[in-house]
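The values are calculated or read from the model by the stated rules, or taken from the named source; none is laboratory data. Since we're looking at a predicted model, the values are computed, not measured. Neighbour counts are summed over all protein chains in view; Cβ atoms, including those assigned to glycine, are modelled from backbone coordinates with ideal geometry. These area figures cover heavy atoms from the full protein model, side chains too; ligands, DNA and RNA do not enter into them. Shrake-Rupley method; radii C 1.70, N 1.55, O 1.52, S 1.80 Å.
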Number of protein chains: 2
Amino acid sequence: MQLLKERIIRDGKIGEGNILKVDSFLNHQMDIALFNEIGREFKRRFANCDVNKILTIESSGIGIACITAQFFDCPVVFAKKHRTLNIFGDVYTAKVESYTHKEVYDVTVSKAFLGPQDRILIIDDFLAKGNALNGLLQIIEQAGAKVEGIGIVVEKAFQEGGDLIRSQGIRVESLARVKALSVENGVSFVEDDC
Amino acid sequence: MQLLKERIIRDGKIGEGNILKVDSFLNHQMDIALFNEIGREFKRRFANCDVNKILTIESSGIGIACITAQFFDCPVVFAKKHRTLNIFGDVYTAKVESYTHKEVYDVTVSKAFLGPQDRILIIDDFLAKGNALNGLLQIIEQAGAKVEGIGIVVEKAFQEGGDLIRSQGIRVESLARVKALSVENGVSFVEDDC
């Protein structure tokens, strides 16, 4: 998605340790006009999918998921993160290792909001090692729901998460696939976009 | 807002300790069509305000804030919650006591995204004791920004938060003001809606 890649080049900041900061438009301050273009592009890519629910994970996936849901005319469910599992009620649950914070947390979704009738599009802002997505996939499997696909805004294609998930036969569409990232040379993208 | 009150009566669940669960449409599963009506109503109520940015707090305010921002044609900034303050970079910060989780957490917003030029509409899903809102107001004050108003989806009017904030001269618009709540008698609303 050309508009997004140009925005990352213009406003993204690269920190030590291959951190790409896009918090001026994606995950702290949120450019809702851009989110609308992102949602429109997800709809174009998943136009042939029969999605009835979008699943994301708190916090930075929620805004993109909600705007995208308008193009699919469906509700959004966001999975909740818990530092310590203190669950009451009927929930699906998975353990996720955080790359950024070096800790394991629990992810939950209420059983009331996910079941065998659901055809899920997962939406998230970032894909790197794929840990959060694998947690969401486990939850969808527990629910007996179907994964229609995964829509990602920024994929770090030099990390293994995307390939591992695609190798399971799951369709992953990333709107900007980062090939390399360094303070010296800036950001470059995989040239596979439509 | 009649549509919202009807939805709360139909789909809200009341738990012990005056907990109103609206997680089937507001803060776990999110009804985006309803969010659009909520955003439209916030725009109607704050039509005469010159809002250039919406501020909310993770996680459950984000979706409503993003959909509402489409009616104001402005970006959203969400404040981040931290269990322990481990801040790097330039941020505004406030301490907030959690009513639900009985703990104190830190709320932060990057200084890059809030300043004296900003005219802020705060959006959140719930208002009870007003602790989270007071944290956001402190952050706005630190930034030297102006508060245009506060838009709340559900206010527990039997708790003191709304009155305390209104007594500071800040305009608070709540789309459903809950007067009383009990397992036996269900939910009733303050009859002050337009």
Pair list, Cβ under 9 Å, 6 or more apart: segment B:130-145 residue within 8 Å of B:A94 (Cβ to Cβ), other residue assigned to a helix (DSSP H, G or I) and of a type outside the set (D, E, K, R): B:N134/B:G161; B:N134/B:L164; B:N134/B:I165
Condition check: touching a helix residue (DSSP H, G or I) at 6+ places or on another chain (Cβ under 6 Å) and closer than 22 Å to B:H28 by Cβ. Does B:A176 satisfy that? yes
Quick check: is even one residue across segment A:5-20 within 9 Å of chain B (Cβ to nearest Cβ) and surrounded by 15 or more Cβ atoms within 10 Å (Cβ to Cβ)? no
If you go through A:E173, A:E160, A:E141, the only one that is farther than 21 Å from B:S59 by Cα and surrounded by 15 or more Cβ atoms within 10 Å (Cβ to Cβ) is A:E173
Looking at segment A:72-81, can you tell me whether even one residue there is at pLDDT 95 or above, more than 9 Å from every other protein chain (Cβ to nearest Cβ) and open to solvent by 40 Å² or more (accessible area, probe 1.4 Å)? no
Going through segment A:21-54 in order, the residues found to be touching a residue at least 60 places away in the same chain (Cβ under 8 Å) and at the interface with chain B (Cβ under 10 Å from one of its Cβ atoms) are A:N27, A:K53, A:I54
Of the residues B:I9, B:I38, B:I19, only one is among the hydrophobic types (A, V, I, L, M, F, W, C) and touching a helix residue (DSSP H, G or I) at 6+ places or on another chain (Cβ under 7 Å); which? B:I38
Being crowded, with 24+ Cβ neighbours inside 10 Å and modelled with pLDDT of 95 or more is the requirement here; does B:L26 meet it? yes
Complete set of residues in segment A:94-146 that are part of a strand (DSSP E or B) and within 14 Å of chain B (Cβ to nearest Cβ): A:S98, A:E103, A:Y105, A:V107, A:T108, A:V109, A:S110, A:I120, A:L121, A:I123, A:D124, A:D125
